[in-house]
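Student: Here's a structure for you.
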Amino acid sequence: MNLLYLAWRNLRYDHLKSLLSILLMSLGLGLICFFMIFSSQIEKNFRDNLAGVHLVLGAKGSPLQLVLCNLYHADVPTGNISIEEAKAFLNPRHPLLSHAVPLSLGDSYEGFRLVGTTKEFLNLYELELAGGSIYQKDLQVAIGSEVARKTGLALGDQFNSSHGLGIEESLAESHTHNFTVTGILKQSGTVADELILCSPSSFWMVHDHGHNHEHGHDNAPLNTPVLSNSQLLEHPNKEITSLLLRFRSKNIQSLNMMRSINQNTPLMAASPSFELNKLFDQLGIGFELLNSVALLILLISALSIWFGMSIALQERKYELALIRSIGGQPWQVVSLLLFEAILIALIGFFVAMFVFYGLLWLSNEYWSSDWGFGRMEMRFYAEQGMVLLLGLIVAVMSVVVPIVQVLRMDIAKTLSER
Amino acid sequence: MIEVRRLAHQYSNQDRSIEYPDFHCGSGEELLILGPSGSGKSTLLHILGGFLKPSRGEVKMSARSLQEMNTKERNRFRQDFIGIVFQKHHFIRSLKVFENLKYAAAFSKSNRTDDQLLELLEFLGLEDLKKQAVNTLSEGQKQRLSVARALVHKPAILLADEPTSSLDDQNCRLVAELLIRSKEEYGATLVVVSHDHRLMPYFANKIELGA
């Protein structure tokens, strides 16, 4: 005798009640799964994108904004700094710094940010080319894998960038210079997948609007592309948005560098890991709130199963008593109710996984680039196993009371009722 | 086959107790126990079915005393030897007519094959309804299905509680004849408790309970 089949038939018979229980269960489990994985993956992606950067140097403003804008490309710049102000950090022989990567920000193409930077950026994020070559001249770009996928740009294609970071595209002003795609980067799983890289001098070129020669202090003409820090130092009056700094080693001097910069220079230095910890302390409250909402939905789902079973039991007690009277053992009746609850949990879990992967897809397609937390892999996560277990526990707990009622049922009295 | 002596039952929530006359019903015989509402007919059937332990007296079925059995033994005895047609039609709502019989056979550990169960449906005139949902059956059809279910494990004793109370004259006659035929076909001892005097012509042995 197949009790599982009978449980399935019972669920189908009371299909509306079953559907409500399954929907509530799947919504609760799907949201819990998404919030659990989303919060841990966001933190992981944020930390992966640190790329070993110890300090971000930029114009004074909000340190968190400086970090979010220049490391995660998720906020607007705090302002620009002149190369003259930053020249000490651009010195390749700086005793404390192993990397100093300049960034120029402020333009975009179809919502993807242009970053004027040197080739050192590729080393910092360990980026590799999937095709073509890295830019050698001004107005040449290397694009991230997601940029290529979503815009359809290919090697040799040309495009015009817009002023602004793509946040309000309707207000953006298009530049007249044509950029040419010379390289496409391999997918790295970092924020670089969503960036368009060019030389800092390309940035100056599209913004100078023919005023180049008014800056008579520069030692080099702008038709020579700037591809390294030493070339950057030849243009002390030009501006960049920030510098990403990595220490040679962490010692007292390097640890004091941030405080020293903030106290003694017109620049601002921010520690990404310190700012991230502050951010996640604050986000943690939000995630806890979201998890609480999901748990509440799951609790409602458990109550729905319990109410559904209890109400159904008033109608079904006769058939359960009948099963007992014709030889059905108590364990068979208990198994029947348990199977019904477990089926609700299993179907609810599979529907929840559709909800979960749907949210993951939405997050990857629409939210990750806007919020700067990177893509999340469409794979099986260990947390999903925990959520399945949670669903089963909730379902089983919700039928404990109906099971006790059935076991204490007076068969003869029940069969004489009505 | 069934022997009842000095039987009385005291309800746990009431002061009154019901005393029953002694009676005997031999193997393969039929017995009609008539009585008005409140005369303790259903209680007697529940005692005979092993659902209730009487307060006093002795019930012997197939030479075994029900009083000497514990609950588990009584359940086992019922499962092996007794088929019951209940006053109300209780079926597994989600299953079709034939599936109800199959699951009843499985729960009662009957070794009847599907073909034998189909023969049973045919015997009771339900073969055309085998794939029908039970809640679409008429009262008469439900009563016949109840009889079929009581017979799936070939019981030695067939008990029926008010089997005709909600039926019209035609269906009352059909069900009464069916019970007698079933008893003869399966060689069972038949005990029917009812207040329905229309059943009297069908039974050679009768007992009347007082109010």
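Student: Consider A:K60 carefully, then state whether it is of a type in the set (K, R), modelled with pLDDT of 80 or more and more than 30 Å from A:V351 (Cα to Cα). Break it down stepwise before answering.
Tutor: Values: of a type in the set (K, R): yes; modelled with pLDDT of 80 or more: yes; more than 30 Å from A:V351 (Cα to Cα): yes.
Judged against the criteria, A:K60 is a match.
Student: Next question, about the same structure. Being modelled with pLDDT of 90 or more, more than 24 Å from A:N160 (Cα to Cα) and surrounded by fewer than 21 Cβ atoms within 10 Å (Cβ to Cβ) is true for just one of A:S98, A:S133. Which residue is that?
Tutor: Working: A:S133 fails: more than 24 Å from A:N160 (Cα to Cα).
Criteria check complete, one pass: A:S98.
Student: List pairs: first residue in region A:237-253 and part of a loop (DSSP other than H, G, I, E, B), second residue of a type in the set (V, I, T) anywhere in the structure, Cβ distance under 7 angstrom, at least six positions apart or on different chains.
Tutor: A:K238/A:I83
Student: What helices (runs of 4 or more DSSP H), lying completely within region A:377-418, carry at least 1 residues that are within 14 Å of chain B (Cβ to nearest Cβ) and farther than 19 Å from A:S304 by Cβ? Steps first, answer last, please.
Tutor: Details: elements: A:382-398, A:400-407, A:411-416.
Once the helices (runs of 4 or more DSSP H) in region A:377-418 are filtered for at least 1 residues that are within 14 Å of chain B (Cβ to nearest Cβ) and farther than 19 Å from A:S304 by Cβ, what remains is A:400-407, A:411-416.
Student: Taking the conditions exactly as written (surrounded by 13 or more Cβ atoms within 10 Å (Cβ to Cβ), within 30 Å of B:F107 (Cα to Cα) and not hydroxyl-bearing (S, T, Y)), does A:I300 satisfy them or not?
Tutor: Values: surrounded by 13 or more Cβ atoms within 10 Å (Cβ to Cβ): yes; within 30 Å of B:F107 (Cα to Cα): no; not hydroxyl-bearing (S, T, Y): yes.
For A:I300, the condition - surrounded by 13 or more Cβ atoms within 10 Å (Cβ to Cβ), within 30 Å of B:F107 (Cα to Cα) and not hydroxyl-bearing (S, T, Y) - is not met.
Student: I've got another one for you. I need a count of the residues in region B:158-184 that are polar (S, T, N, Q), crowded, with 20+ Cβ neighbours inside 10 Å and over 23 Å from B:M61 (Cα atoms).
Tutor: 1
Student: Another question, then. Across region B:63-102, what is the total count of residues that are under 16 Å from A:G327 (Cβ atoms), polar (S, T, N, Q) and at the interface with another protein chain (Cβ under 10 Å from one of its Cβ atoms)? Outline the logic, then answer.
Tutor: If we filter region B:63-102 for residues that are under 16 Å from A:G327 (Cβ atoms), which is where we start, we get B:69, B:71-86, B:90-92, B:100-102.
Cutting the leftovers down to polar (S, T, N, Q) gives us B:71, B:75, B:79, B:100.
When the remaining residues are screened for being at the interface with another protein chain (Cβ under 10 Å from one of its Cβ atoms), the result is B:75, B:79, B:100.
Residues in region B:63-102 being under 16 Å from A:G327 (Cβ atoms), polar (S, T, N, Q) and at the interface with another protein chain (Cβ under 10 Å from one of its Cβ atoms): 3 in total.
Student: Is it the case that region B:42-56 has a residue that's modelled with pLDDT under 90, more than 29 Å from B:R198 (Cα to Cα) and within 12 Å of chain A (Cβ to nearest Cβ)?
Tutor: Yes, there is a match, as at least one residue in region B:42-56 is modelled with pLDDT under 90, more than 29 Å from B:R198 (Cα to Cα) and within 12 Å of chain A (Cβ to nearest Cβ).
Student: On the given criteria, is A:I344 in a helix (DSSP H, G or I), under 28 Å from the mean Cα position of the chain (by Cα) and either within 14 Å of chain B (Cβ to nearest Cβ) or of a type in the set (V, I, T) (or both)? It would help to see each step written out before you state the result.
Tutor: On the way: in a helix (DSSP H, G or I): yes; under 28 Å from the mean Cα position of the chain (by Cα): no; either within 14 Å of chain B (Cβ to nearest Cβ) or of a type in the set (V, I, T) (or both): yes.
The answer is no for A:I344.
Student: Shifting gears a bit: Quick test for you: out of A:K60, A:K44, pick the one residue that is free of Cβ contacts under 8 Å to residues at least 12 places away in the same chain and away from chain B (no Cβ under 14 Å).
Tutor: Details: A:K60 fails: free of Cβ contacts under 8 Å to residues at least 12 places away in the same chain.
None of the others qualify; the one that does is A:K44.
Student: In the list B:V134, B:V152, B:V147, which residue meets the criterion of being at pLDDT below 90 and more than 27 Å from B:G35 (Cβ to Cβ)?
Tutor: Values: B:V134 fails: at pLDDT below 90; B:V147 fails: more than 27 Å from B:G35 (Cβ to Cβ).
Sole residue among the options that is at pLDDT below 90 and more than 27 Å from B:G35 (Cβ to Cβ): B:V152.
Student: I'd like to verify a number: residues in region A:299-319 that are in contact with a Gly (Cβ under 8 Å, 6 or more places away or on another chain) and either within 14 Å of A:E340 (Cα to Cα) or modelled with pLDDT under 75 (or both), how many? Working first, answer last.
Tutor: As a first pass, look at region A:299-319 and keep what is in contact with a Gly (Cβ under 8 Å, 6 or more places away or on another chain): A:299-301.
If we keep only those that are either within 14 Å of A:E340 (Cα to Cα) or modelled with pLDDT under 75 (or both) too, we end up with A:301.
Of the residues in region A:299-319, 1 are in contact with a Gly (Cβ under 8 Å, 6 or more places away or on another chain) and either within 14 Å of A:E340 (Cα to Cα) or modelled with pLDDT under 75 (or both).
Student: Which condition number does B:F91 fail, the rest of (1) of a type in the set (F, W, Y); (2) farther than 27 Å from B:E177 by Cβ; (3) buried (at least 20 other Cβ atoms within 10 Å of the Cβ) being met?
Tutor: (2)
Student: Related question: Can we say B:N13 is out of contact with any strand residue (DSSP E or B) (no Cβ under 6 Å at 6 or more places or on another chain) and within 14 Å of chain A (Cβ to nearest Cβ)?
Tutor: yes
Student: For B:K96, work out the one condition from (1) within 30 Å of A:R12 (Cβ to Cβ); (2) surrounded by 23 or more Cβ atoms within 10 Å (Cβ to Cβ); (3) not polar (S, T, N, Q) it doesn't fulfil.
Tutor: Unmet for B:K96, out of (1) within 30 Å of A:R12 (Cβ to Cβ); (2) surrounded by 23 or more Cβ atoms within 10 Å (Cβ to Cβ); (3) not polar (S, T, N, Q): (2).
Student: Something else about it: With (1) under 18 Å from the mean Cα position of the chain (by Cα); (2) outside any helix (DSSP H, G or I); (3) not β-branched (V, I, T) as the list, and B:G210 as the residue in question, which single condition is left unmet?
Tutor: (1)
Student: Sort through A:L279, A:L337, A:L299, A:L289 and tell me the only one that's assigned to a helix (DSSP H, G or I) and under 30 Å from A:F112 (Cβ atoms). Walk me through it before giving the result.
Tutor: Details: A:L337 fails: under 30 Å from A:F112 (Cβ atoms); A:L299 fails: under 30 Å from A:F112 (Cβ atoms); A:L289 fails: under 30 Å from A:F112 (Cβ atoms).
Sole residue among the options that is assigned to a helix (DSSP H, G or I) and under 30 Å from A:F112 (Cβ atoms): A:L279.
Student: Looking only at region B:140-170, how many residues end up being within 14 Å of chain A (Cβ to nearest Cβ), assigned to a loop (DSSP other than H, G, I, E, B) and over 11 Å from the mean Cα position of the chain (by Cα)?
Tutor: Number of matching residues: 5.
Student: Considering only region B:9-40, how many residues are among the aliphatic types (A, V, I, L, M) and at pLDDT below 90? Show your work before the answer.
Tutor: So the first thing to find is which residues in region B:9-40 are among the aliphatic types (A, V, I, L, M), and the list is B:18, B:31-34.
Those left that are additionally at pLDDT below 90: B:18.
Qualifying residue count, region B:9-40: 1.
Student: Taking only region B:103-134 into account, find how many residues are facing chain A (nearest Cβ under 7 Å) and either surrounded by 21 or more Cβ atoms within 10 Å (Cβ to Cβ) or hydroxyl-bearing (S, T, Y) (or both). Full working, then the answer.
Tutor: Start the filter on region B:103-134 by keeping residues that are facing chain A (nearest Cβ under 7 Å), which leaves B:103-104, B:106-109.
Retained after the next criterion (residues that are either surrounded by 21 or more Cβ atoms within 10 Å (Cβ to Cβ) or hydroxyl-bearing (S, T, Y) (or both)): B:103-104, B:107-108.
Going through region B:103-134 one residue at a time, the tally reaches 4.
Student: Look at B:L137 and say whether it is among the aliphatic types (A, V, I, L, M), without any contact (Cβ under 8 Å) to a residue 40 or more places away in the chain and more than 9 Å from every other protein chain (Cβ to nearest Cβ).
Tutor: Details: among the aliphatic types (A, V, I, L, M): yes; without any contact (Cβ under 8 Å) to a residue 40 or more places away in the chain: no; more than 9 Å from every other protein chain (Cβ to nearest Cβ): yes.
So B:L137 does not fit the description; no.
Student: For A:Y366, only one of the following conditions fails: (1) under 25 Å from A:L29 (Cβ atoms); (2) touching a residue at least 60 places away in the same chain (Cβ under 8 Å). What is its number?
Tutor: Exception for A:Y366: condition (2).
Student: Tell me which of these A:G183 doesn't satisfy, since it passes every other one: (1) modelled with pLDDT of 90 or more; (2) under 16 Å from A:V101 (Cβ atoms).
Tutor: Exception for A:G183: condition (2).
Student: Further, regarding this structure: Provide a single number: the residues in region A:254-284 that are without any contact (Cβ under 8 Å) to a residue 60 or more places away in the chain and touching a strand residue (DSSP E or B) at 6+ places or on another chain (Cβ under 7 Å).
Tutor: Total meeting the criteria: 1.
Student: Can you pull out the residues in region A:320-338 that are facing another protein chain (nearest Cβ under 9 Å) and modelled with pLDDT of 90 or more?
Tutor: Hit for region A:320-338 is A:Q332, nothing else.
The values are calculated or read from the model by the stated rules, or taken from the named source; none is laboratory data. In this text, all values refer to a predicted model and were calculated from it rather than measured experimentally. In this analysis, Cβ positions are derived from the backbone assuming ideal geometry, glycine residues included, and neighbour counts consider all displayed protein chains.
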